[in-house]
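Here the structure is laid out as structure tokens; the discussion comes afterwards.
The values are calculated or read from the model by the stated rules, or taken from the named source; none is laboratory data. Only a predicted model underlies this, so the values are computations on that prediction, with no experimental measurement involved. Cβ placement follows ideal geometry from the backbone for every residue including glycine, while neighbour counts extend to all protein chains displayed. Accessible surface is based on the protein model in full, side chains and every heavy atom, while ligands, DNA and RNA are left aside. Shrake-Rupley method; radii C 1.70, N 1.55, O 1.52, S 1.80 Å.
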Amino acid sequence: MLNHLMLDIDAGTIDWSRAQFALTAIYHWLFVPLTLGLAVIMGIMETCYYRTKDAFWKDAARFWQKLFGVNFAMGVATGIILEFEFGTNWSNYSWFVGDIFGAPLAIEGIVAFFMESTFVAVMFFGWKKVSAGFHLAATWLTGLGATISAWWILVANSWMQYPVGCEFNPDTMRNEMTSFLDVALSPMAVNKFLHTVTSAWVVGAVFCVAVAGWYLLKKREHKLAVASIKVGAAVGLAASLLAFLTGDHSAYQVAQKQPMKLAAMEALYNGGNDQGLSIVAAVNPFKQPDYTNEEEPPLRIAVPNMLSFLATHDFHGFVPGINDIIKGGYTNPEGQVEPSLEEKIKLGQEAITALAAYRKLKNDAKGEISEQQQALLDGYSKTIKDNMKYFGYGYIKNADEIVPSVPITFWAFRIMVGLGSFFILFFAVVLFFVYRKDIAKMKWIHKLALLLLPLVYVASEAGWLVAEFGRQPWTIQDMMPTWVAVSDLNSGSVMLTFFIFLALFTTMLAVEIRILCRQIKKGPEHSEIK
């Protein structure tokens, strides 16, 4: 089936399916980080109430829980649609790896989602029905459930970036799981989870400080605003530093497992030892560069040897560029000589040919297999197993197909890192002034916080652009290109649903913003002091 698939799928179907999934993922990721971030904020607020019994902290916790609830509901809606799209638009992918990819999604749905839905009800409606300690536990468990949900989603995504713990079965035409722990605890998954969650806390922290800044600009809710700035800035600074640290580990994993992504992130055409980390370079944001030339991007400013250190933990380490990966011949992190693209294509085609021969022989035998036929089947099976690592390359025609969009990957990475570094400085400055000065009078901080609110979402989305655009053309790294994974649908149908989803998600976003703004303008409900 797979060896003929790319010849039967309309190119428009591939493009519109990718566009629809990207649209859904981008909108979904507008809601998720705020959910994870506000979970920490409201948990800290209620913990302060539990420890002090001060009604102010109860009011503050309930205020942030309301904003959490609005955002949480929107995230669930878009997330459900996102998971359904795997079956509708990417059925060949779902068939090929459903035994593996489906497991973390099933756990996420059964365990994490039910955990969230159970405790979120206690959190919102149990203030007068359960003890203060139980309610506090429900609040933290709601946030923990959301975080566990993110864990399993990121495990599934990380497996696509670095497929481990599986073996291809030519009889079922599926990749089947051989080790759940290898899938769930792969280095790629652990680092991606830590980096993603800590960056989500940054989003929640910026949101918290921005809302507090708005109150101070309007000369309202002074006590809530100052307390929220203290909590938000502390969470934000810790999260920003953690995101920076986990980002370093993530970059190392990318260098080890996805060198082409790293080369695109750095616009590194020709690698080598002692490679510097680019701060900025004149990479045309609207045009794929001619990476086959022997020159670096013009006007490149770099930190000497830093890329080699990040990629290999050796200041003099070898980092392959785009052309090195295409030509092969260098020693990879596993200590083996990396094959050239031409060799990988040949190995992938051998696997595809062997799979077709295996399937044909199996079908022709109709269950009655002679010793000679079994020997042939064993030979085909061995060829498939030996070359499965490069299976996806059998569908590649030329080098251009395996090079991601350098402009998008390069600039998205710098936007993410640049804004992330600025957030560290911002939170440090806010913490300094909130304890040393009258923060209510420092209007420039309040205005800056409001300005940073959309920018923190830009940074968050930029991170996902790096992760997903940098992985192209692979749905599963080295094993399945995107054009093989798509469903055989009419492109017009996919295009129609794209615009339906665009209208739906835009409406949902507008509704959420309106409800959030209304709740913020309304302010917290104040308890009666007895």
Can you pull out the residues in the stretch 264-288 that are over 14 Å from ARG414 (Cβ atoms), surrounded by 17 or more Cβ atoms within 10 Å (Cβ to Cβ) and out of contact with any strand residue (DSSP E or B) (no Cβ under 8 Å at 6 or more places or on another chain)? TYR269, ASN270
Looking at (1) part of a strand (DSSP E or B); (2) open to solvent by 40 Å² or more (accessible area, probe 1.4 Å), which one does THR475 not meet, given that it meets all the others? (2)
Answer from VAL466, VAL456, VAL434, VAL429 - the residue that is in contact with a helix residue (DSSP H, G or I) (Cβ under 9 Å, 6 or more places away or on another chain), touching a residue at least 12 places away in the same chain (Cβ under 8 Å), under 30 Å from ASN175 (Cβ atoms) and assigned to a helix (DSSP H, G or I): VAL466
Looking only at the stretch 88-128, count how many residues are open to solvent by less than 30 Å² (accessible area, probe 1.4 Å), outside any helix (DSSP H, G or I) and among the hydrophobic types (A, V, I, L, M, F, W, C). 1
Residues that are in contact with a helix residue (DSSP H, G or I) (Cβ under 7 Å, 6 or more places away or on another chain), under 29 Å from TYR162 (Cβ atoms) and surrounded by fewer than 17 Cβ atoms within 10 Å (Cβ to Cβ), drawn from the stretch 350-393: ALA356
ILE445 is checked against (1) touching a Gly at 6+ places or on another chain (Cβ under 7 Å); (2) open to solvent by 40 Å² or more (accessible area, probe 1.4 Å); (3) β-branched (Val, Ile, Thr) and fails just one. What number does that condition carry? (2)
Cβ-Cβ distance below 6 Å, separation of 6 or more or different chains: which pairs start in the stretch 485-496 with a residue that is within 20 Å of ASN175 (Cβ to Cβ) and in a helix (DSSP H, G or I) and end on one that is at pLDDT below 90 and of a type in the set (S, T, N, Q)? ALA485/ASN92
Counting only residues that are open to solvent by 30 Å² or more (accessible area, probe 1.4 Å) and within 17 Å of the chain's Cα centre (by Cα), how many does the stretch 71-80 have? 2
Name, by its number, the condition in (1) farther than 30 Å from LYS257 by Cα; (2) open to solvent by less than 40 Å² (accessible area, probe 1.4 Å); (3) within 21 Å of the chain's Cα centre (by Cα) that does not hold for PRO454. (2)
Of those in the stretch 1-10 that are part of a helix (DSSP H, G or I) and open to solvent by 60 Å² or more (accessible area, probe 1.4 Å), the residue modelled with the lowest pLDDT is HIS4
Across the stretch 212-228, the tally of residues that are within 14 Å of LEU451 (Cα to Cα) and either open to solvent by 10 Å² or more (accessible area, probe 1.4 Å) or polar (S, T, N, Q) (or both) stands at 2
Pick from the stretch 299-313, criterion outside any helix (DSSP H, G or I) and either in contact with a Pro (Cβ under 9 Å, 6 or more places away or on another chain) or open to solvent by 70 Å² or more (accessible area, probe 1.4 Å) (or both), ranking: nearest to VAL283 (Cα to Cα): LEU299
Restricting attention to the stretch 38-58, does a residue exist that is in contact with a helix residue (DSSP H, G or I) (Cβ under 6 Å, 6 or more places away or on another chain) and among the basic types (Lys, Arg)? yes
Which one of these does LYS382 not meet: (1) under 30 Å from the mean Cα position of the chain (by Cα); (2) not in a loop (DSSP other than H, G, I, E, B)? (1)
Going through the stretch 129-164 in order, the residues found to be touching a Lys or Arg at 6+ places or on another chain (Cβ under 7 Å) and in a loop (DSSP other than H, G, I, E, B) are TYR162
Go through (1) surrounded by fewer than 21 Cβ atoms within 10 Å (Cβ to Cβ); (2) within 30 Å of ASP324 (Cα to Cα); (3) in contact with a Ser or Thr (Cβ under 9 Å, 6 or more places away or on another chain) one by one and return the number of the condition ASP248 breaks. (3)
Breaking point among (1) free of Cβ contacts under 8 Å to residues at least 60 places away in the same chain; (2) within 26 Å of the chain's Cα centre (by Cα); (3) open to solvent by less than 60 Å² (accessible area, probe 1.4 Å), for PHE410: (1)
